[in-house]
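Participant: Here it is, the structure, as structure tokens.
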Amino acid sequence: MLQQSRFIKWFKNGAIAWLTFSHSSRPRRVLKKQLVLVKNFILAKPALKIKLIKILNYVPKLKYRLKNLSITQVESTQDVHTFSSLPPKAKKIYDELLLLQQKGSK
């Protein structure tokens, strides 16, 4: 009986949060987490990946959006502050790469 009441309370609070788009339960954020889990599952199974790529070739817009989703997540997970702990030689190489990248974008 106690478990049922906890479940009902959890479900009610979750449904209200979902419907009102509260900060703790944004549908887009939740969906993105699920997509990352699915992506990791697919990457772990090469045969499934090949089949899905063949299917996605029929829907290029969806394939493009999924590809961009994975690219933006990789960029957002990299933190610039982690490069401060590099050894001096690696930091010099990193600084040179940044300089070349800035010259290329101008």
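Participant: At Trp10 and Gln34, where each label point lies 7 Å from the Cα along Cα→Cβ, what is the point-to-point distance in nanometres?
Facilitator: Rounded to a tenth, the inter-label distance reads 1.7 nm.
Participant: With θ set to phi - 60° and the Karplus curve 6.51 cos²θ - 1.76 cosθ + 1.60, what are the ³J(HN,Hα) couplings of the stretch 90-104 in order, to the nearest whole Hz, using x for Gly and Pro?
Facilitator: Each residue's phi maps through the Karplus curve to give 5, 5, 4, 5, 4, 4, 5, 5, 4, 5, 4, 5, 5, 5, x Hz.
Each value in this text was obtained by applying a stated rule to the coordinates, not by laboratory testing. Worth saying up front: this structure is predicted, and the values here are computed from it rather than measured. In this analysis, Cβ positions are derived from the backbone assuming ideal geometry, glycine residues included, and neighbour counts consider all displayed protein chains.
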